[in-house]
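K.L.:
Please find one structure pasted underneath; my questions will follow.
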């Protein structure tokens, strides 16, 4: 998967930061330090990785022709922790 562009709409960015306390910078860090990637169906993917500070996050996104559109991001849950 070749990623050229990461898009986070203002609405999604605000939701993720308010609800899950995940920043856009942390999302970008996880893309450069990914541990686990799974296709969830269609164009939807699930990515698990660490931030520079060591926080384990799960990021959900759509991928199409080099562009990633973030749909959600949160801390990993118990079942995902082993993948981080």
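K.L.:
Let me have the relative contact order for the range 5-83, percent, based on Cα pairs under 8 Å that are six or more residues apart.
P.N.:
30 percent
K.L.:
Which residue fluctuates the most in the chain, going by a Gaussian network model with Cα springs under 10 Å, if the choices are 19, 39, 62?
P.N.:
Comparing 19, 39, 62 in a Gaussian network model of the chain, the most mobile one is 19.
K.L.:
State the extension gain, in nm to one decimal, for the chain segment bounded by residue 35 and residue 71, taking 0.36 nm per residue of separation less the distance between their alpha-carbons.
P.N.:
Extra length available between residue 35 and residue 71 comes to 11.1 nm.
K.L.:
Run the simple label-point estimate for residue 1 and residue 82 please: 7 Å along Cα→C-beta, distance reported in nm.
P.N.:
It is 2.2 nm.
K.L.:
Say a paramagnetic label sat at a point 7 Å from the Cα of residue 13, along Cα to Cβ; which residues of the range 64-84 have their backbone N under 13 Å from it?
P.N.:
Counting backbone N atoms under 13 Å from the label point, the list is 70.
K.L.:
To continue, here is another question. For the chain, what is the mean residue ellipticity at 222 nm derived from helices alone (per DSSP H run of n ≥ 4: -39500 (n - 2.57); sum divided by total residues; nearest 500 deg cm²/dmol)?
P.N.:
-7000 deg cm²/dmol
A short reminder: the numbers here are calculations on the coordinates, not readings from a lab. This is a predicted model, so every value here is computed, not measured. FYI the Cβ positions are ideal-geometry reconstructions off the backbone, even for glycines, and counts take in every protein chain you see.
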